[in-house]
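Note sheet for the following structure.
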Amino acid sequence: MSKYLSILFLCLLLCSSCASRKNVVYLNDIPQHDTLYAKIESQLAHNIQFRPGDKLSIVVKSRNKELSEMFNFASHQTTTGRNTSNYTIDEMGEIDFPFLGKVRIAGLDRMQTEAYLKQKLIDSELIKEPYVSVDYSNVGFYTLGEIRKGFIPFTQDRTTILEAISLAGDLNINGLRKNILVIRRNLDGSESTYRVDLTNREQLYQSPAYYIQQNDILYVEPNYKQVQETTINGRIFSTYSVWISLISTTMTVILFVRNFKR
């Protein structure tokens, strides 16, 4: 009798504690003790390039403080005490910059924009030895589903999907890691969709969505367990798991008592 009870206990224990590590661990195809990884060619890495609708802040400085302020007249002070001027790129890909007029910067990244504006100022002979600083004002991506929802601003010139998820506070435990949906708005107004498997490094690195672009939408689907729990049958199943846990605990006590009496 004790033999059958032990077998039953083991079966119940396996049913109640069944979980797959592969469903929740990122890049789980990398060997745990392997320090020499094969080189995998990822998509061409590039910095974020400005598009119409992007908002950025531009600050001009020089040895002549009063002259510099002429280019920062639309500035406001941030919480850190820094004066910054915000610009929105229009549909033509241009900004209206003080004294320079319309300047096209769509297609340039942040550092290229700094160099371009600096050279324009030098060529205009409006200011000597200018220093130009460009930062993202309201450029980022969106998140939906089993992740912190909302708009997440970029903090650097190049952001991978793993870094984007980190900025959003990571996925919930019920988030499906093998099928992240990335919705991308193209310059012509169309949309492209990509599916990303965070558990497979080769597929991840080769995905066109490995580097996140502005206004990308990351949707994290709920896993099977989370979906089931939203249904009546799923809630009943959840109750079953509680009963299985109680039965397994009871069986443990019974086996302990029987062995103690012997």
- What are the ³J(HN,Hα) values, in whole Hz, obtained from phi via the Karplus relation 6.51 cos²θ - 1.76 cosθ + 1.60 with θ = phi - 60°, for each residue of the stretch 132-143 in sequence order, with x given for Gly and Pro? 10, 10, 10, 9, 6, 9, 8, 10, x, 9, 10, 10
- How far apart, in nm, are two points set 7 Å out from the Cα along the Cα-to-Cβ line at residue 202 and at residue 91? 4.7
- Message: If I model a spin label at residue 119 and residue 99 as a point 7 Å from the Cα along the Cα→Cβ vector, what separation in nanometres do I get?
- Response: 2.0
- Given H placed 1.01 Å from N in the peptide plane, which residues other than close sequence neighbours of residue 53 have an amide H under 5 Å from its amide H? 89, 90
- Task: Compute, for residue 123, the solvent-accessible surface of its heavy atoms (probe 1.4 Å) with the complete set of protein chains present, and express it in square angstrom to the nearest 10.
- Result: 100
- By the C-alpha gyration tensor axes a ≥ b ≥ c (rounded if a/c is under 1.5, else prolate when a/b exceeds b/c, else oblate), the shape of the stretch 152-210 is oblate
- Item | Amide H contacts under 5 Å for residue 176, placed H, 5+ residues apart | 221, 223
- Interchain or sequence-distant (5+) residues whose placed amide H lies within less than 5 Å of the amide H of residue 108 are 50
- Message: Using the Karplus curve 6.51 cos²θ - 1.76 cosθ + 1.60 with θ = phi - 60°, what ³J(HN,Hα) values do you get for each residue of the stretch 165-180, in whole Hz, with x for Gly and Pro?
- Response: 5, 5, 4, 8, x, 6, 6, 5, 4, 8, x, 7, 7, 8, 8, 6
- Given R₀ = 51 Å, FRET efficiency for residue 69-residue 188 by Cβ-Cβ distance, to 0.05? 0.80
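The values are calculated or read from the model by the stated rules, or taken from the named source; none is laboratory data. Keep in mind that what you see is a predicted model, and the values were worked out from it rather than measured. Note: ideal-geometry Cβ built from the backbone for every residue, glycine included; neighbour counts use all protein chains shown. To get the accessible areas, we keep the full protein, side chains included, count just its heavy atoms, and leave off ligands, DNA and RNA. Shrake-Rupley method; radii C 1.70, N 1.55, O 1.52, S 1.80 Å.
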